[in-house]
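Contents: one structure, followed by commentary.
All of the numbers you see were taken from the coordinates with simple rules; none came from a lab. None of these values were measured; they are calculated from a predicted model. Please note: Cβ atoms are built from the backbone with ideal geometry, for glycine as well, and neighbour counts cover all protein chains shown.
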Amino acid sequence: MNIQLMSGDGLPPLLKLSNVSKSFGGIAALKDVDFELHTGEIHGLVGENGAGKSTTMKIIAGVYADYEGEMRIDGAPMHFRSARDSLAAGIGMVHQELSTVPDLTVAENVFLGHQPLTRFGTVDWPRINREAARLIASLGLDIDPTTRMGALPVGLQQLVELSRVLFSGARIIILDEPTSALSPPEVKRLFEVLRKIRAEGRGIIFISHFLDDVLEISDTVTIFRNGRKVATERAAALTKDAVISHMIGRGSIGMHMGESTTLAGDEAKPVVLEARSISDGKLLRDVSLRLRAGEITGVYGFMGCGQIELARALFGKIRLKRGQLALDGATRSFKSTAAARGQGIAFVPENRRMMLFRTEPVFKNISIAILDRIHRLWLKPRAENKIAATRATDLQIRPPNPNMLLGSLSGGNQQKVGLAKWLTHLPKVLILSEPTRGMDVGAKEDVIRIVKALRDRGVAILVLSTEPETILTLADRVSVLRKGIVAKEFSHGTIHKADLLAAA
């Protein structure tokens, strides 16, 4: 059921979008979207990855100026040409990736780019500290404004960034995944602050994958699916199951590839790598996981759930504060990525730029992981090229020319190169973070085929993804991460996309 809200005082909505559409290269990202935000309202916005949430917010924030439809603020037509226009109209956004400067003080972060000056043209430090203290206190926070920003926990840093948006005079505040990295006490504190802001008559758009948080804090919830708004309802009238049903489409469960799967975890297969109640002292909390030879373990969760931290901890990029890792039953401590590689662990991160050299030829990107095996005293480009040519053929890297610069390949083929570097000498454990993100259908199918072939050769594989379809297509067993803990595990029977969304 869709609802139309009217301001209690009869005034027009604070923000209104009418029939807004946006396309990229002929592909529609938004289709005839209507949206309203009212004074003194917290409006939750939910939907799967690619549903259109981010595109809508970027239109409101002035990032995208080329769109169809109409936007009004306080009833007046607006069409922003830049983020500066949006800010001038009283719209502020707190992004998931904080833009605070850790080496500056809290007060300096609050007034970043807007430092008040004395009559002599110098920065008025006493005023900055005094005004920052007043603004922070108005949010119910007790923070010394001279504290170095990086010394604060993430939750408080987020609230300081929120105070900066408030200082700008914003009446419309967009929060992108504000609770993803927060502990329960920090979420509670954030919600108290948001309720104070709502009481001041400002409007808040609360974007999150964490449906429990959305339903708790929002007055109204709008749900997007495939670039369209499919429902706007009072939060009090919604259940989590109802939201999920809107997100994925009623009756769609099990009808499409990647919507459901039957798991076949095999307890008889030997455990190669085991995490025993590991914690990183920040996000990961007592995470236990077993990776078995010839099996794909999927880890699903929303952005900020701890997937990236888990992958890095297993690969020696993050030091553990508590817990143990065991390889083939023996306790190990990987003090570096080199130590992890030396023990047969391979990692393909979510960001291809972290592992590949775009300005170098394909063959160098493939051979870099095995240089110590094929070279003694000097480089042998001919040997490297021969190995790379074989891998390019095996993995159907297009075009199959190992001398091409990596940057000239598509994203999907670059991902294949990232896999190819580990295939000459198979690892014991292969960790894949977002292995199919941003690829076209054909490239995804190729990568899925490659990963399953590696599993069939006995490699223990960990696939971490925020895309439920990827997990359901690849995994033999699944763990769901939620805010740094294992919320649920599935190893046998049929599971649906809705099961993953509910557990996350």
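Using the per-residue mean of other Cβ atoms lying within 10 Å as a proxy for protection, in what order, highest first, do the peptides 465-472, 168-175, 74-81 fall? Spell out each step's value before the answer.
Values: 465-472: 22.9, 168-175: 20.6, 74-81: 13.0.
With the highest mean Cβ count within 10 Å placed first, the list reads 465-472, 168-175, 74-81.
First measure r as the distance between the Cβ atoms of residue 124 and residue 11, then evaluate 1/(1 + (r/R0)^6) with R0 = 45 Å and state the FRET efficiency to the nearest 0.05. Before the final figure, lay out each step's value.
On the way: r = 37 Å, r/R0 = 0.83.
With R0 = 45 Å, the Cβ-Cβ based efficiency is 0.75.
Towards the positive end of the charge dipole of the chain, with charges on Cβ (+1 Lys, Arg; -1 Asp, Glu), say which of 61, 283, 114 has the farthest Cα.
Going by the charge dipole, the pick is 283.
Counting Lys and Arg as +1 and Asp and Glu as -1, what is the net charge of the other residues whose Cβ lies under 14 Å from the Cβ of residue 106? Spell out each step's value before the answer.
Values: positive: 130, 134, 148, 164; negative: 103, 108, 131, 142, 144, 161.
So the environment of residue 106 carries a net charge of -2.
Can you spot the lysines whose alpha carbon is less than 25 Å from residue 497's alpha carbon? Ignore those fewer than 8 places along the same chain.
By straight Cα distance, residue 497 reaches 31, 53, 229, 240, 444, 452, 483, 488.
Based on DSSP H runs of at least 4 residues, each adding -39500 (n - 2.57), what is the mean residue ellipticity at 222 nm of the chain after dividing by all its residues, to the nearest 500 deg cm²/dmol? Walk me through the intermediate numbers first.
On the way: 17 runs with 157 residues, N = 504.
Helix contribution divided over all residues of the chain: -9000 deg cm²/dmol.
Ranking 193, 486, 362, 478 by Cβ neighbours within 10 Å, fewest first, what do you get? Working shown, then result.
Numbers: 193 18, 486 21, 362 29, 478 26.
If I rank by nearby Cβ atoms, fewest first, I get 193, 486, 478, 362.
With charges only on Cβ, +1 for K and R and -1 for D and E, what is the dipole size of segment 98-170 about its Cα centre, in debye, rounded to 20?
Values: 6 positive and 7 negative charges, 41 e Å.
Value, rounded to 20: 200 debye.
With the dipole of the chain worked out from charges on the C-beta (+1 for Lys and Arg, -1 for Asp and Glu) around the Cα centre, which of 425, 149, 302 lies farthest toward the positive end?
Selected residue: 425.
Can you put 64, 300 in order of Cβ neighbours within 10 angstrom, beginning with the fewest? Working shown, then result.
Numbers: 64 17, 300 30.
Placing the least packed residue first, the sequence is 64, 300.
Give me the percent relative contact order of the chain, please, defined on Cα pairs under 8 angstrom at least 6 residues apart. Could the numbers behind the result be given before it?
Numbers: 1036 pairs, mean separation 78.5, N = 504.
Relative contact order for the chain comes out at 16 percent.
Give me the compactness ratio for the chain, meaning the Cα radius of gyration over 2.2 N^0.38 Å. Present the calculation step by step, with values, prior to reporting the outcome.
Values: Rg = 25.0 Å, N = 504, 2.2 N^0.38 = 23.4 Å.
Cα-based Rg divided by the globular estimate yields 1.07.
Let's see if you can work this out: charge +1 on each Lys and Arg Cβ, -1 on each Asp and Glu Cβ, no other charges. What is the dipole magnitude of the chain about its Cα centre, in debye to the nearest 20? Each step should come with its number before you reach the end.
Values: 66 positive and 54 negative charges, 383 e Å.
For the chain, the charge dipole is close to 1840 debye.
For residue 146 and residue 333, what does the FRET efficiency come to when R0 = 60 Å and r is the distance between their Cβ atoms, rounded to the nearest 0.05?
On the way: r = 39 Å, r/R0 = 0.64.
The value I calculate is 0.95.
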